[in-house]
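Here's the structure, in structure tokens; my notes come after.
The values are calculated or read from the model by the stated rules, or taken from the named source; none is laboratory data. All figures in this text were calculated on a predicted structure; none of them were measured in a lab. With ideal geometry, Cβ positions are generated from the backbone for all residues, glycine too; neighbour counts draw on all protein chains shown.
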Amino acid sequence: MAAKNTQVLMKQHPKGGVTEQDFEIVEREIPKPGPDQVLVRNIYLSLDPYMRGRMDPVRSYAAHLHPGDLMIGGTVGEVIESNVPSLPKGTYVNGMLGWQEYGVAKANELRVLDPKVAPISTALGVLGMPGCTAHYGLMEIGQPKPGETVVVSAASGAVGSVVGQIAKIKGCRVVGIAGGKAKCDYVVTELGFDACIDYKAGDMHAAFKAATPERVDVYFENVGGEIMEMVFGRLNSFARVAICGLIAQYNGQPYPFTGMRHVLVNRAKVQGFIISEHMSYWPGAITEMGGWIKEGKLKYREDIADGLRNAPQAFIGLLSGRNFGKQLVRIGPEKL
């Protein structure tokens, strides 16, 4: 075992875009598990856009971080010391242990993983929070019907890629929006989307209009800003919009959104949601998506940065769209 526990802290609240100077890397003593606790050696760390919001000192759905706090984040790891009979040494678990090599947790704070069912990394992606976010937002809020047009922004990302594939399984026409030819080619040729708009390629508005001849019935929003404005202008009557994220606006750039007229005229339903408030939904969604993976109907892609010390740089890349697939950090080997 390592002599120290490497951690990444938020050094200061970002002023605009996140920089590496907003983080501090420290080494502390490896914690000892108390009664009814286990010590986990983290193997993978999930990087997600919601973390940017938690770095700002503003009111939100969850408490914000303070300077000196450990960066929050989902992890997958191995139990290496246990005071819980149901979680013996060697058990793989998923929890919220943050940006650190080692963490302690109680049994009710962890999800046990079976590496024979799927790679343990998927518990942070397609069979974890991003996948459940996609499933819930599309099925519960979007309520897609066969033949309808579903649009999803950040289409090659961990959430958007799953949204589009589920919509195809449900018999919909799916149009993605992503940044760059490689990402658009991926969601069309590999994931089976009907079309993908490259917002970096030129006249995004004309391309989007051509790709949605029957306009938009369901929109899964991950980005905000100009893209959201564009899609709202193509909504059908009684369209459904699931607001999952607004990554284009997370660095504090305001956007003068004027699309509420389209909501009124089209009698659209617009609903934001936070998947952590719907934990009872996860088991059913994970079971269904696991079946689709085995059947070859649901594919996923991971973008893995090596080393916890590279997490800040990988996170900055995620916020600017440099990642391709679910962004993970490999903290350590799966087997020592």
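Summary of computed values
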quantity	calculated
Residue within segment 147-165 that is farther than 25 Å from residue 77 by Cα, hydrophobic (A, V, I, L, M, F, W, C) and part of a loop (DSSP other than H, G, I, E, B) present	yes
Enumeration of residues in segment 27-61 that are part of a loop (DSSP other than H, G, I, E, B), charged (D, E, K, R) and closer than 14 Å to residue 71 by Cα	48, 56
Options 44, 50, 61; residue that is under 23 Å from the mean Cα position of the chain (by Cα) and at pLDDT 95 or above	44
Condition check for residue 231: outside any loop (DSSP other than H, G, I, E, B), closer than 13 Å to residue 155 by Cβ and within 26 Å of the chain's Cα centre (by Cα)	yes
Condition met for residue 255 (surrounded by fewer than 16 Cβ atoms within 10 Å (Cβ to Cβ), in contact (Cβ under 8 Å) with a residue 24 or more places away in the chain and closer than 20 Å to residue 178 by Cβ)	yes
Per-region count, segment 268-307, residues of a type in the set (Lys, Arg), more than 17 Å from the chain's Cα centre (by Cα) and within 24 Å of residue 224 (Cα to Cα)	1
When residues of segment 289-336 are limited to those that are out of contact with any strand residue (DSSP E or B) (no Cβ under 9 Å at 6 or more places or on another chain) and of a type in the set (Gly, Ala, Ser), the one modelled with the lowest pLDDT	320
So residue 230, is it crowded, with 16+ Cβ neighbours inside 10 Å and in contact with a helix residue (DSSP H, G or I) (Cβ under 9 Å, 6 or more places away or on another chain)	yes
Any hit, segment 113-123, residues being modelled with pLDDT of 95 or more, outside any helix (DSSP H, G or I) and more than 19 Å from residue 75 (Cβ to Cβ)	no
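Each row is one residue, and each column tells you yes or no for (1) among the small types (Gly, Ala, Ser); (2) more than 25 Å from residue 332 (Cβ to Cβ); (3) surrounded by 15 or more Cβ atoms within 10 Å (Cβ to Cβ).
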| position | (1), (2), (3) |
| --- | --- |
| 5 | no, no, yes |
| 19 | no, yes, no |
| 27 | no, no, no |
| 31 | no, no, yes |
| 39 | no, no, yes |
| 64 | no, yes, yes |
| 81 | no, no, yes |
